[in-house]
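Just below is one structure, and these are the notes that go with it.
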Amino acid sequence: MSAHADSRPALQLHLSSQELPVFFPELVRAGMSVNACSLSQLSQFGAAFPGAEVGLRFNPGLGSGGTGKTNVGGPDSSFGIWHELVPQVQQIVAQYKLRVVRIHTHIGSGSDPLVWQRVSGMSIDLCRAFPSVTTLNLGGGYKVARMSYEKGTDLALIGAPVRDAFLAFAAQTGRKLHLMIEPGTFLLANSCSLVSRVQDTAQTPSRSFLKLDAGMTEVLRPSLYGAQHPLVVVKRAGCAPSGQTRRYVVVGHCCESGDLLTPAPGEPETIAERELAEADIGDYCVVEGSGAYCAGMATKNYNSFPEAAEVMRDTKRGLHLIRAKQTLEQITANERPLPANAAL
């Protein structure tokens, strides 16, 4: 953050993207910084802004994630410039007289803390190849403990060796690097919950199912990654809990077998069960840990289900509607009828 003369903070934005939008020059002129994530992006930027400052996102050659799908580093990942291509990067930088001021690496979401520490050292080595670098962005990926049995990342514990590496780099080179991190999920994942209703049940010889009026259209992570979210049954008004529990498969409302809230850990195609309080139609099921990359990742309008409303609770426990439920008219707003003379 930086401050204006009137002391109001101005947000500094850095764009790392799988593609540069066609209007990226407008964003740069408006003050956004770009981290080139491929050789072609770097050439595009250089052609548009010769002599300018730029950041570089590298694939450091090693990655880690909560699942294979959340690993964004190493030879199986398309994210960033492969670290062994530094000579080609230096050629493009020289061609357009660019000044590299920032290095960005990111190894994956829910990554192994020890791998993150190791990649930190590898990323510092990349800074040595570009003497003008002043900032190292080590990305995010810090493990969030959504389930009671999970252990979250201890930032103080994993950060201490990285701090030592930064100090050693400064002593060796005379450059004090500014550290940037991206802890968004770590801060926000457990700040939100999805409140759904049990709208139906089903029974087979081997399974008991709870059918919710929400699912992958609100929280896709279980279907996509086999991610685990705490599920809590809350009895509807006027009904007392039975005190009994049952093992349930919890599914969403889409006509889609993958709309599953209880997959096996890390195995989105494997059905698992969850021990929950006994539930009836009309009861509520709260999907906890639904902040950060839940609403944004959801399969919006799948099966024409409307986007859910969002409510924020303030520090005095007041509730505020911050996004209204989507209407049918909003869902179909961009649809157009075929002209009468269309050949069918």
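The values are calculated or read from the model by the stated rules, or taken from the named source; none is laboratory data. This one's a predicted model, so the numbers in the text were calculated from it and none came from an experiment. Please note: Cβ atoms are built from the backbone with ideal geometry, for glycine as well, and neighbour counts cover all protein chains shown.
Select, from Gly121, Gly74, Gly51, Gly63, the only residue that is in contact with a Phe, Trp or Tyr (Cβ under 9 Å, 6 or more places away or on another chain) and either assigned to a helix (DSSP H, G or I) or modelled with pLDDT under 95 (or both).
Working: Gly121 fails: in contact with a Phe, Trp or Tyr (Cβ under 9 Å, 6 or more places away or on another chain); Gly74 fails: in contact with a Phe, Trp or Tyr (Cβ under 9 Å, 6 or more places away or on another chain); Gly51 fails: either assigned to a helix (DSSP H, G or I) or modelled with pLDDT under 95 (or both).
Answer to the selection: Gly63.
Being at pLDDT below 95 and aliphatic (A, V, I, L, M) narrows it down to one of Ala309, Ala295, so name that one. Full working, then the answer.
Details: Ala309 fails: at pLDDT below 95.
The match here is Ala295.
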Before we move on, is Ser196 at pLDDT 90 or above and surrounded by fewer than 14 Cβ atoms within 10 Å (Cβ to Cβ)? no
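Give the residue, chosen from Ala145, Ala165, that is assigned to a helix (DSSP H, G or I) and not assigned by TED's automatic domain parsing to the domain that holds Val219. Quick ask: steps written out before the conclusion?
Working: Ala145 fails: assigned to a helix (DSSP H, G or I).
When all the criteria are applied, what remains is Ala165.
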Matching residues in segment 15-48 (among the charged types (D, E, K, R) and part of a helix (DSSP H, G or I)) number 2
Considering residues of segment 107-157 that are closer than 30 Å to Val287 by Cα and touching a strand residue (DSSP E or B) at 6+ places or on another chain (Cβ under 6 Å) only, the residue surrounded by the most Cβ atoms within 10 Å (Cβ to Cβ): Gly141
Name the single residue that is surrounded by the most Cβ atoms within 10 Å (Cβ to Cβ) among those in segment 199-215 being in contact (Cβ under 8 Å) with a residue 12 or more places away in the chain and either over 18 Å from Pro306 (Cα atoms) or not assigned by TED's automatic domain parsing to the domain that holds Cys285 (or both). Leu210
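How many of the residues in segment 281-322 are of a type in the set (A, V, I, L, M, F, W, C) and over 20 Å from Asp213 (Cα atoms)? Write out each step before concluding.
To start, the set of residues in segment 281-322 that are of a type in the set (A, V, I, L, M, F, W, C) comprises 281, 285-287, 292, 294-295, 297-298, 305, 308-309, 311-312, 319, 321-322.
Filter again for over 20 Å from Asp213 (Cα atoms), leaving 292, 312, 319, 322.
Total meeting the criteria: 4.
Does Pro306 qualify as being touching a residue at least 12 places away in the same chain (Cβ under 8 Å), of a type outside the set (A, V, I, L, M) and closer than 17 Å to Pro230 by Cβ?
Values: touching a residue at least 12 places away in the same chain (Cβ under 8 Å): yes; of a type outside the set (A, V, I, L, M): yes; closer than 17 Å to Pro230 by Cβ: no.
Considered against the rule, which asks whether it is touching a residue at least 12 places away in the same chain (Cβ under 8 Å), of a type outside the set (A, V, I, L, M) and closer than 17 Å to Pro230 by Cβ, Pro306 comes out as no.
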Just a yes or no: is a residue in segment 271-282 within 19 Å of Val195 (Cβ to Cβ), crowded, with 16+ Cβ neighbours inside 10 Å, at pLDDT below 95 and assigned by TED's automatic domain parsing to the domain that holds Thr217? no
Check on Ala227, crowded, with 22+ Cβ neighbours inside 10 Å, modelled with pLDDT under 95 and of a type in the set (Gly, Ala, Ser): yes
Near pairs, Cβ below 7 angstrom, 6+ apart or cross-chain, from segment 171-187 (more than 24 Å from Met147 (Cβ to Cβ) and modelled with pLDDT of 90 or more) to any residue that is of a type in the set (A, V, I, L, M) and assigned to a loop (DSSP other than H, G, I, E, B): Leu179/Leu138
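Give me the strands (runs of 3 or more DSSP E) completely within segment 263-337, filtered to those with at least 1 residues that are hydroxyl-bearing (Ser, Thr, Tyr), ordered by residue number. Step through it out loud before you land on a result.
Working: elements: 267-271, 274-277, 284-287, 310-313, 319-323.
Counting at least 1 such residues, we get 267-271, 284-287.
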Starting from segment 31-60, keep only residues that are assigned by TED's automatic domain parsing to the domain that holds Val100 and closer than 15 Å to Tyr96 by Cα, then list their pairs with residues that are surrounded by 23 or more Cβ atoms within 10 Å (Cβ to Cβ) and of a type in the set (Lys, Arg) whose Cβ atoms are within a distance under 8 Å, requiring at least 6 positions of separation or different chains. Ala36/Arg57; Val54/Arg102; Gly55/Arg102; Leu56/Arg102
May I ask you to verify whether Thr270 is hydroxyl-bearing (Ser, Thr, Tyr) and closer than 29 Å to Pro183 by Cα? no
Considering residues of segment 8-60 that are of a type in the set (Phe, Trp, Tyr) and within 25 Å of the chain's Cα centre (by Cα) only, the residue surrounded by the most Cβ atoms within 10 Å (Cβ to Cβ): Phe58
